[in-house]
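Presented below is the structure to which this report refers.
Coordinate-derived values only; no laboratory data. Here the structure is a predicted model, which is why all the values come from computation and not from measurement. Using ideal geometry, Cβ is built from the backbone for each residue, glycine included, and neighbour counts are taken over all protein chains shown.
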Amino acid sequence: MSTNSELMARREAAVPRGVSNTHPIFTQRAENAELWDVEGKRYIDFAGGIAVLNTGHRHPKVMAAVAEQLSRFSHTCFQVSPYESYIALAERLNALAPIEGPAKTIFFTTGAEALENAVKIARAATGRSGVITFAGGYHGRTMLTMAMTGKVLPYKKKFAPLPAEIYHVPFPHAPFGVTVQDSLRAIDMLFRADIEPERTAAIVLEPVQGEGGFIQAPTELMEALRALCDKHGILLIVDEVQTGFARTGKMFGVEHSAVKPDIITVAKSLAGGFPLSGVIGRAAIMDAAEPGGLGGTYSGSPIACAAALAVLDVIEEEKLIERANNIGAKMKSRLEAISRRNNTVPIAEIRGPGAMIAFDVVATRGTNEPDADMTKKVIAKARDNGLILLSCGVYGNAIRLLVPLTASDTLLDEGLDVLEQALTV
Ligand code: PMP
């Protein structure tokens, strides 16, 4: 059996550095919220494959649904010969999603593809080109979604020219000194300086910025954007790729406000570890593209559709929405207690709805001065002690906790013990 360092040496020789690894550990197997590397070392998984595993690694119901599907067929291409699971999943998402009136859903494979197609659909429905997105937002690494992403490093460096007609405005966040009014003023200025509202197809945002640092869009912003979109005939697209499927203590993150978007993009935890994404939207909008204009060879894979139907059952049966709120409350109170100790790395801004929890590592207690180097050290120390963590945030100093919602209290406590130890100086 190869060691982690032997595999890392092979990886460096065979795979380009453009795809990076947070943790130099090679997975051998994983179960619910635990993972074992090739050297037999056990880790508690607070990363969940970047928000993909709300139902945990290898949930038995998801595995059974996939096995059943594999026993019949693995692929036909929905465009060639469709299958019922695709339709059944669309029907369930249409009923679940907070969309006004009748909804329709189309499936793809990755989150970025869902965002690309949401913009294509919005352009077809409005006959307009412009797209407004937010600084700090993340929507993917393809050409269009890279342009939509509001972070230069590491996502855009060396990849210009970027697609045209994408405009960024600041996202409200008190520690950065940005208010909702600042964001709205920036849109108003954009309409005066760069693009008229009549040429703007869509405003796209995450209900809680994920890669940007787990920063929740205030209800006041959501309501103001809805009103602005209604006034100018612009479509409101909510990117639920990271926030969807119980993570925030609601089925969809946007449900923390009463605002109903025109289009919602989903992926990640939708299919519990199988590649599947979707665009859900108002039926009339979703039908704007011409037949053949949307799709893809693997879009809506039958294996992933089977997994997703099981994921939706598990969320309901195991009350994972409620569970997300319990997990979040437990994590927050533990982090608050850690932040009051004076022999720890200074942390600040413990935040996030449901179980979408993050905190900042700061240079000095009581300030917001980011310390990205210390963040990396904390994450490495936690890993050495058996806990997998991820960072996020525009300054790289936020630590985010994305534990499977199926994790037991015992495992959660054990993970938080390791986190506390990693923060202790
Ligand atoms: N949107 C959001 C909000 C995301 O968090 C991500 C992935 N981190 C994406 C889009 C892109 O998804 P994918 O990596 O599957 O293309």
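Label points 7 Å out from Cα along the Cβ direction at residue 219 and residue 143: separation in nm?
That separation, rounded to one decimal, is 4.2 nm.
When the convex hull of the C-alpha atoms of segment 76-141 is computed, what volume per residue in Å³ does it have?
Here the figure is 138 Å³ per residue.
Please turn the phi angles of segment 350-364 into ³J(HN,Hα) values with the Karplus equation 6.51 cos²θ - 1.76 cosθ + 1.60 (θ = phi - 60°), one per residue in order, whole Hz, x for glycine and proline.
So the Karplus estimates, Gly and Pro as x, are 5, 8, x, x, x, 9, 9, 9, 9, 8, 9, 9, 10, 6, 9 Hz.
Cα to Cα, under 25 Å, and not fewer than 8 places away if on the same chain: which lysines meet these conditions relative to residue 250?
Hits, sequence-local ones excluded: 61, 104, 260, 268, 319, 330, 332.
Would you please state the base-10 log of I(q)/I(0) at q = 0.15 1/Å for segment 61-214, with intensities from the Debye formula using one equal scatterer on every alpha carbon?
Each listed q maps to, in turn, -0.96.
Under the √(5λ) rule applied to the eigenvalues of the Cα gyration tensor, what semi-axes describe the equivalent ellipsoid of the chain? Give them in Å, descending.
Output for the chain: semi-axes of 33, 28, 20 Å.
Sequence neighbours fewer than 8 away in the same chain don't count; with that in mind, list the lysines whose C-alpha is under 17 Å from residue 381.
List returned: 41.
Take the alpha-carbon centre of segment 309-330, take the same for segment 73-115, and report the distance between them in whole Å.
Segment 309-330 and segment 73-115 have Cα centres spaced 22 Å from each other.
Which FRET efficiency value, to the nearest 0.05, is calculated for residue 230 and residue 313 with the Förster distance at 30 angstrom and r the Cβ-Cβ distance?
Efficiency computed from Cβ-Cβ geometry: 0.25.
Using Cα centres only, tell me the gap between segment 228-266 and segment 333-394 in whole Å.
28 Å
Taking a label point 7 Å from the Cα of residue 20 along the Cα→Cβ vector, which residues of segment 338-361 have an amide N closer than 17 Å to it?
Only 361 pass the distance filter.
Note down the nm distance, to one decimal, between modelled labels 7 Å out along Cα→Cβ at residue 409 and at residue 159.
Rounded to a tenth, the inter-label distance reads 4.4 nm.
Please state, as a whole number in µm²/s, the translational diffusion coefficient that the Stokes-Einstein equation yields for segment 316-425 at 25 °C and 0.890 mPa s, with Rh defined as the Kirkwood radius across alpha carbon pairs.
It comes out at roughly 174 µm²/s.
On a C-alpha basis, how far is the centre of segment 283-308 from the centre of segment 134-208 in Å? Whole number, if you could?
26 Å
How high is the relative contact order of the chain? Use alpha-carbon pairs under 8 Å, at least six apart in sequence, and give a whole percent.
Result for the chain is 22 percent.
With +1 on each Lys and Arg Cβ and -1 on each Asp and Glu Cβ, and nothing else charged, work out how big the dipole of segment 341-425 is about its Cα centre, in Debye to the nearest 20.
Magnitude of the dipole: close to 180 debye.
Summing -39500 (n - 2.57) over the DSSP H runs of n ≥ 4 in the chain and dividing by its residue number, what mean residue ellipticity at 222 nm do you reach, to the nearest 500 deg cm²/dmol?
Roughly -11500 deg cm²/dmol at 222 nm, from the helical runs in the chain.
Report, by chain and number, residues whose modeled amide H sits under 5 Å from the one on residue 56, excluding near sequence neighbours (fewer than 5 apart, same chain).
405, 406
First check a/c for segment 154-302, with a ≥ b ≥ c the square roots of the eigenvalues of its C-alpha gyration tensor; if it is under 1.5, answer rounded, and if not, answer prolate when a/b is larger than b/c or oblate otherwise.
Here segment 154-302 falls in the rounded category.
Spin-label point model (7 Å from Cα, Cβ direction): what's the residue 367 to residue 75 distance in nm?
5.4 nm
For a quick check: with amide H placed at 1.01 Å from N, whose amide H comes under 5 Å from residue 28's, ignoring anything fewer than 5 positions away on the same chain?
Residues meeting the criterion, in which the H sits 1.01 Å from N, are 36, 37, 38.
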